[in-house]
Amino acid sequence: MVQQRTGPADGTAPTAPVPAEFRAALEALAAVRPRAEVALETIPAPKRLAPWSHAIGLSIADPSDDEEELASGRFIVLFDPAGHDAWEGTTRCVGYVSARTDSEMIDDSMFSEVAWSWLTEALVTAGAGHHAVGGTVTRTASTRFGSIAAPEHSVDVEIRASWTAEGTDLDRHLTAFLDVLANAAGLPPAGVHLLGASAQRADGGA
């Protein structure tokens with residue numbers, strides 16, 4: 001469950017009541033119930049980026065290894081009741097996702113465009129009104145040597161994005177970003193279960 005942050009971003013005692021718009025946004029976030037594979041937790045919000053802020057940590061564990069994660073990330077809300085020229089509004093959402101991906105993807109020239117579409121399409125599907133969206137998609141391939149306890153070869157994707165939210169229904173924005181996290185982790189659509197090898201054999205290999 002998402003907890004509310006009711007103080008300024010610098011952690012000092014609040015000098016003014018929590019703005020009603022920011023409070024409504026936090027209440028909307030608290031109503032989000034992620035799919036079973038996703039864990040949410042309140043984390044320290046960044047300081048000095050806005051008068052008010054809230055941050056949520058996101059993660060999807062590897063079902064084959066509880067100590068490993070398929071994907072992790074952050075969803076941050078920055079709020080400035082006076083408005084921010086660069087944001088073109090008062091509420092800025094900032095999202096970050098890091099995930100392991102298929103080694104073949106690193107050479108796919110369209111992968112970055114596809115990964116970015118996960119965000120833009122999810123925002124539209126969730127009905128999350130927004131504008132001034134921007135960000136990056138980064139793919140990295142690593143080869144480990146020596147005694148490092150990790151797979152010899154790995155490929156990772158990082159998605160960094162920010163956009164200005166229209167209204168206080170930030171539940172829609174968080175829901176959209178959780179879809180990005182799930183896509184990056186390679187999860188099937190919510191409610192869809194992939195057949196394992198044993199199930200396929202039981203079904204005659206179909």
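The values are calculated or read from the model by the stated rules, or taken from the named source; none is laboratory data. The model shown is predicted, which means the values in this text are computed figures rather than measured ones. Cβ coordinates were reconstructed from backbone atoms using ideal geometry, including for glycine residues, and neighbour counts include every protein chain displayed.
Listing for the model above:
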{"read-out": "Top-ranked residue of segment 176-199 - restricted to ones that are surrounded by 20 or more Cβ atoms within 10 Å (Cβ to Cβ) and not small (Gly, Ala, Ser), ranked as modelled with the lowest pLDDT", "value": "ASN183"}
{"read-out": "Hits in segment 82-97 - residues which are loosely packed, with under 15 Cβ neighbours inside 10 Å and either touching a Ser or Thr at 6+ places or on another chain (Cβ under 6 Å) or closer than 25 Å to LEU40 by Cβ (or both)", "value": "GLY83, GLU88"}
{"read-out": "Tabulated pairs, segment 156-172, first in a loop (DSSP other than H, G, I, E, B), second of a type in the set (Asp, Glu), C-beta under 6 angstrom, 6+ apart or interchain", "value": "THR168/GLU21"}
{"read-out": "Pairs where the first residue, in segment 39-54, is touching a residue at least 40 places away in the same chain (Cβ under 8 Å) and exposed (fewer than 13 other Cβ atoms within 10 Å of the Cβ) and the second is part of a loop (DSSP other than H, G, I, E, B) and charged (D, E, K, R), C-beta under 9 Å, 6+ apart", "value": "none"}
{"read-out": "Top-ranked residue in segment 124-155 [being in a strand (DSSP E or B) and farther than 23 Å from ARG92 by Cα; ranked as modelled with the lowest pLDDT]", "value": "HIS153"}
{"read-out": "Yes/no for PRO63 being surrounded by 11 or more Cβ atoms within 10 Å (Cβ to Cβ) and modelled with pLDDT under 95", "value": "no"}
